[in-house]
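The values are calculated or read from the model by the stated rules, or taken from the named source; none is laboratory data. From a predicted model like this one, the values you see are computed outputs, not experimental measurements. Every residue, glycine among them, receives a Cβ derived from its backbone with ideal geometry; neighbour counts consider all protein chains shown.
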Ligand code: MN
């Protein structure tokens, strides 16, 4: 298990949210996700969400004791003047932290645990039907957003999409896999061919990470 499999991203000793360390090289996901996209996506796009989140929270420093996942889980805790910024940039930070840890190069990503595999079968019929459902939903996101495999409040696996940088946590769902379909995630290599990017994404899923998230989410739901 890499240390990227952290479920709650808190601030550092300076009271600032920060970019989690990437546990693999930018070219580790070639040829499915190219090194240049990885570098820009991680060091520029993700960093910008963090910088803007930190700036927004300057007016509400008491919120910095929460993890970013806790912040986006309950936006009612956030003053109205910065709710939009926390939704967008906090969501961006939380979503990308998950993204880097649920991808890894082909052949090193394990497979769904027996428990998760049978839950996938129960929720979607078969594993292939699950892939088809997540693939279709994600390709169909209008504009910028994400496709997700999530666990809902009742403990059921669901496929959902969110617009912009909204997190499933804001809907009380727990994200297990997130596919970023903002153009910054794929345009350099795939241009307008979003379906090719999404189908290749399934080759870089780090199932060891997803299995861990699933077990943790089940525990959280059962309290
Ligand atoms: Mn992104």
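A few notes on this one:
- Any chance residue 24 is in a loop (DSSP other than H, G, I, E, B), touching a residue at least 12 places away in the same chain (Cβ under 8 Å) and under 20 Å from residue 208 (Cα atoms): yes
- Hey, residue 212 crowded, with 22+ Cβ neighbours inside 10 Å, over 16 Å from residue 94 (Cα atoms) and either within 14 Å of the ligand (Cβ to nearest atom) or touching a residue at least 60 places away in the same chain (Cβ under 8 Å) (or both) or not: no
- The criterion of at least 3 residues that are modelled with pLDDT of 95 or more, more than 14 Å from the ligand (Cβ to nearest atom) and farther than 27 Å from residue 45 by Cβ is met by the following helices (runs of 4 or more DSSP H) wholly inside the stretch 89-204: 114-124, 127-139.
- Counted residues, the stretch 36-84 - those being within 16 Å of the ligand (Cβ to nearest atom) and under 30 Å from residue 109 (Cα atoms): 17
- Whenever a residue of the stretch 161-183 is within 12 Å of residue 142 (Cα to Cα), its partners that are away from the ligand (no atom under 13 Å from the Cβ) and part of a strand (DSSP E or B), lying with C-beta atoms within less than 8 angstrom and at least six residues away or across chains, give the pairs 161/148; 162/148.
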